[in-house]
Amino acid sequence: MLGLLLFGSILSVCCGAINIEKYLKVCNRNSLELNQCMKGAVQDGIAVLSDGVEEIEIPALDPYYQKELKVEYKNNQILASIILKNIYVEGLKKATVHDARVRADDDQVHIEIDLTAPKIVIRSDYEGVGQYNDLKIKAHGTVRTVMTDLVFTWKLDGVSEKNGDEKYIHINSFYMRPDVGKMQISMTNNNPETKDLTEFGLRFINENWRTLYKELLPFAQSNWDKIGTQFANNIFMKVPYDQILPPN
């Protein structure tokens, strides 16, 4: 049961003077070519943002670092709690943007970006406690997940907010549901008393990952929503709307 929760949790961060065009391609929000422009802007932006942008305090996109993630899971007799620490997500800089769809007016923005990525690797430390009826398991160590042949769409929604004389876009939701071609998880357990149990659980997860992925996807999506909105707002709330998506 601890392994199931671990599986779910690892799936799951006033500057008007900034010249955003130094870093990102700017697209006219009223242009007939907006979608095509946005496709190129995101593809170029992934490369630029991979190492982060210090001037506007944007953290590195690849590897993306998350300090901690806590997840609790309960299903009938199964109880589990896990903490992931020092999480690194690698591979997004090799993603390919295939299409973009944008709706933007003076008050709101909706953006959809279709992407594929050949491989995403997630690695972290973990501490977990699980219980099945009277059986209790404690484990701690490292975990590494490799996902290949990913197909996914980013969906962002935002509304305009006035700050002084400038208008900004506040992103209030980020949605992503990746389709994964293959997934493989490896982990260590530094607790000798439960090594056999975690090894058994790991084999079960790797043999049944597709079913478990669908069941535990909501845990991951909740975390992605927080990360995605925070990362997007690092751009949209620091650069005026008329600079990042000018009306003409």
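Counting only residues that are of a type in the set (V, I, T) and under 30 Å from V239 (Cα atoms), the stretch 38-84 holds 6 of them. Can you find a residue that is part of a helix (DSSP H, G or I) and either over 12 Å from the mean Cα position of the chain (by Cα) or surrounded by 14 or more Cβ atoms within 10 Å (Cβ to Cβ) (or both) anywhere in the stretch 171-192? Yes - at least one qualifying residue is present in the stretch 171-192.
If only one of L32, L61 is closer than 21 Å to V146 by Cα and outside any strand (DSSP E or B), which one is it? Going through L32, L61 in turn, the sole match is L61.
Candidates in the stretch 77-105 are the residues that are loosely packed, with under 15 Cβ neighbours inside 10 Å and part of a loop (DSSP other than H, G, I, E, B); of these, the one that is farthest from the chain's Cα centre (by Cα) is Q77.
Scanning the stretch 106-116 for residues that are surrounded by 15 or more Cβ atoms within 10 Å (Cβ to Cβ) and out of contact with any Lys or Arg (no Cβ under 6 Å at 6 or more places or on another chain) returns V109, I111, I113, D114, L115, T116.
Scanning the stretch 51-76 for residues that are over 26 Å from D107 (Cα atoms), out of contact with any strand residue (DSSP E or B) (no Cβ under 8 Å at 6 or more places or on another chain) and buried (at least 16 other Cβ atoms within 10 Å of the Cβ) turns up V53, L61. Residue pairs whose Cβ atoms lie under 7 Å apart, separated by 6 or more positions or on different chains, with the first residue in the stretch 90-115 and of a type in the set (K, R) and the second assigned to a helix (DSSP H, G or I), are K93/I46; K93/A47; R101/N35.
So that you can scan it fast, the table gives a plain yes or no per residue for (1) modelled with pLDDT under 90; (2) in contact with a helix residue (DSSP H, G or I) (Cβ under 6 Å, 6 or more places away or on another chain); (3) surrounded by 15 or more Cβ atoms within 10 Å (Cβ to Cβ); (4) of a type in the set (K, R):
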site	(1), (2), (3), (4)
L197	yes, no, yes, no
I205	yes, yes, yes, no
L216	yes, yes, yes, no
W224	no, no, yes, no
Q230	no, no, no, no
F236	no, no, yes, no
D242	no, no, yes, no
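Of all residues in the stretch 210-248, those that are of a type in the set (F, W, Y) and over 19 Å from the mean Cα position of the chain (by Cα) total 1. Applying the set (1) charged (D, E, K, R); (2) in contact with a strand residue (DSSP E or B) (Cβ under 9 Å, 6 or more places away or on another chain); (3) in a helix (DSSP H, G or I); (4) more than 23 Å from E90 (Cβ to Cβ) to D225 leaves exactly one unmet item: (4).
The values are calculated or read from the model by the stated rules, or taken from the named source; none is laboratory data. As the structure is a computational prediction, the values presented were derived from the model and not from experiment. Note that we place each Cβ from the backbone using ideal geometry, even for glycine, and neighbour counts take in every protein chain shown.
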